[in-house]
Structures are given as C-alpha cells and as structure tokens.
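The values are calculated or read from the model by the stated rules, or taken from the named source; none is laboratory data. Computed from a predicted model, the values in this text were never measured in an experiment. Methodologically, a virtual Cβ is constructed for each residue, glycine included, from the backbone with ideal geometry; neighbour enumeration extends over all protein chains shown.
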Amino acid sequence: MAQLSVCGIKWLKGFHLLAVACWIGGAVSLLSMYFLKEGVSDGGVLYGINRSIHHVDMSIVVVPGAVGSLLTGLVYAMFSRWGFFRHPWLVFKWVVTVSAILFGTFFLGPWEAAMMEISGRLGIAALCDPAYRWNQTMNLMFGTLQVAVLLVTVFVSVFKPWKGKKGPSPGSEL
C-alpha cells in the first residue's frame, strides 16, 4: 500500500493532535459547564447551560474531535508503517477510541439530550426531577471516567508501553 511522505506524516500528526485536543478539551469543557448550574435559580438559565453543553458536544468540538481522531487514526494505519494491530499499544488505542465513540453515542449523548429536553420543559423544577438528576449523575460520572481514559490513551501514545524488543519502531511519527 502507498505510504505517506515524511512531510505528509507530519501534517497528519498535526491534524491528529488537533482532533485529540478538541475531543479531550471539549469533554473537559463539558464537565466544567456542569458546575455553572450551582446556585442557578432561573429555568431559562438552566436550559441555556444544558443547551450550550449539547451544542459544544454535538456541533462544535467534541463529536468533530472524536470523528477527526478516528479518521486520522485510520489514515495513519492505512498509509504509514504503523498499521492497525502492529503493536499492543495501538490495539489499546483502537479499542479505546471506538469504545469511547460508541459509549458517547449511545449513552453520554442521550443522557445529555434528556437533560436539555427536561430542563426546557420543566425549567428550574428540572433540578428536582428524578430523571433529570439521574441523567446528570450518569453523564457527570461516566463523562469524567471517559475523559480519564482518553487522557491515559494520550500517555499510552507517548510512552508506547507493551512495545516489543523487535528493534526500532517504524519511525517515531505517531
């Protein structure tokens, strides 16, 4: 299969790092916005916070960053010597990336959307609604866990543990 040039790999690495930064930075921002709800006494403000969380997640930073990470990882695997499963640390990154995207799609995103819908319907009373509180708790707990796992994955990418003693790796471009 065709290989990217050294310059192409550097461009790819830059776009990959930018996507990862968007994904993790956006996720940290989402978690930070939960704390804006402290002391809120207006239903419109609560809904605005939830809508902002949803918008930053779905449209601006998190989902585009996650998809960008996946796509640039695919390009790395297909057009460099790294491949998909050449090293155990690469397998770990693939498992985490795909799992995190699926978990966000089927759990974090729906919990977040439910909070937005409930706060839009109930206003400030949403803070006492069991469904709202459950969705918020799940999103905060598992969102924090997901950020932690993504941060570990960054360091796995840097340190490349479980790397065999087969000689030098195929460049150090990843």
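Observations on the model:
- Note on segment 13-46: residues that are without any contact (Cβ under 8 Å) to a residue 12 or more places away in the chain and in a helix (DSSP H, G or I) amount to 5.
- Residue list for segment 95-110, filter: under 10 Å from Ala66 (Cα atoms) and among the hydroxyl-bearing types (Ser, Thr, Tyr): Thr97
- Selection count where residues are free of Cβ contacts under 8 Å to residues at least 12 places away in the same chain and surrounded by 14 or more Cβ atoms within 10 Å (Cβ to Cβ), scope segment 117-134: 3
- Count of segment 22-61 residues which are closer than 17 Å to Gly143 by Cβ and among the small types (Gly, Ala, Ser): 6
- Against the criterion of being at pLDDT below 95, more than 25 Å from Ile24 (Cα to Cα) and either touching a Phe, Trp or Tyr at 6+ places or on another chain (Cβ under 8 Å) or assigned to a helix (DSSP H, G or I) (or both), Pro161 does not qualify.
- Test for Val75: is it closer than 20 Å to Met116 by Cα and either among the polar types (S, T, N, Q) or in a helix (DSSP H, G or I) (or both): no
- Residue within segment 58-67 that is farther than 19 Å from Val154 by Cβ, assigned to a helix (DSSP H, G or I) and small (Gly, Ala, Ser) present: yes
- Only one of the numbered conditions (1) under 30 Å from Ala131 (Cβ atoms); (2) surrounded by 14 or more Cβ atoms within 10 Å (Cβ to Cβ); (3) of a type outside the set (Asp, Glu) is not met by Thr105, and that is (2).
- Segment 77-89 - residue that is within 16 Å of Thr153 (Cα to Cα) and in contact (Cβ under 8 Å) with a residue 60 or more places away in the chain and, of those, surrounded by the most Cβ atoms within 10 Å (Cβ to Cβ): His87
- For segment 51-74, taking the residues that are buried (at least 16 other Cβ atoms within 10 Å of the Cβ) and aliphatic (A, V, I, L, M), the one that is nearest to Trp111 (Cα to Cα) is identified as Ile53.
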